[in-house]
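Before any comments, here is the structure.
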Amino acid sequence: MTSETIFAWIGRFSVGLTFVAGLLVWFGKTYIDRWLTKHFQGQLDDLKHIQAQEIERLKLKVAGALDRATKLHQREFEVLPKAWDLLSQALGAAGSVTASFKEGVDPGRMTSDELEAFLAKSPLEEHQKQAIRDAGRFEKPTLYQTYHEHHQFNAAIQAANEFHNYAIQFGIFIHPTIRMKLTEASQELQKALRAWKQILQMPDVKPWPVSESQEHVKAASELSKEIDALISARLWSAAKLDA
């Protein structure tokens, strides 16, 4: 076999090898790329599906949290003004009861018609009114004052208890700092009225030792100023966020 023949065969082999290589490259690009694309596309689709599910779960979680927060704020906006109103009423009632100077009324100086008109507007019980009618001229003022003091005290007790019970019942909707101040104010009012009850039980002691009751009312009043500022800040700051 001559060298020309050998080189010819080598040339033909090279051409064939080149063709086969080209065919393999074409096959790789055509089929292997398709297989890889399909394989990874499937994984990508799975990841997108998982991601979409996670995003939806987070959306539901955030929506639920926002819904709960909205409902909590709405309840808080209802509770705080009511708590403040009850505190104001309880504080006013306790202040009236424990005041050092009170306007005196002398039913003994009234005519029968004046007395009836006065008693008609009075919050006293009917049996108390009748006792005042039946009392002598000089007994009427003392009797009326005694009944009136007890009535004021009972009204103050009722107002303080209503405020105290409301703060406990709906305290869960109140910010802890405000709730703590409300509790402190309630405790001061209760102390003031307990001290005043002792005064009512010793009516013959003159002058009445009102200082202890007044000190507790004063402490409750100071706390009410702090509560006023806290509630105002709480409501207005939330209103700005909602706007």
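Worth pointing out:
- Here is the list for the range 127-213: chymotrypsin sites (Phe, Trp or Tyr not before Pro) lying in DSSP coil, each with at most 12 other C-beta atoms within 10 angstrom of its C-beta, are Phe138.
- Restraint check, Lys181/Lys218; Lys82/Lys121; Lys129/Lys197, Cα-Cα greater than 18 Å: Lys82/Lys121; Lys129/Lys197
- Label point of Met110 set 7 angstrom out along Cα-Cβ; within the range 148-166, amide nitrogens under 13 Å from it belong to 148.
- Full-extension gain in nm, Lys225 to His150, via 0.36 nm per residue minus C-alpha separation: 24.1 nm
Every read-out reported here was derived from the displayed coordinates using simple, explicitly stated rules and does not represent laboratory data. It should be emphasised that the depicted structure is a prediction, and the values quoted were computed from it without experimental measurement. Counting neighbours? That spans all protein chains shown, and the Cβs are built from the backbone with ideal geometry, glycine included.
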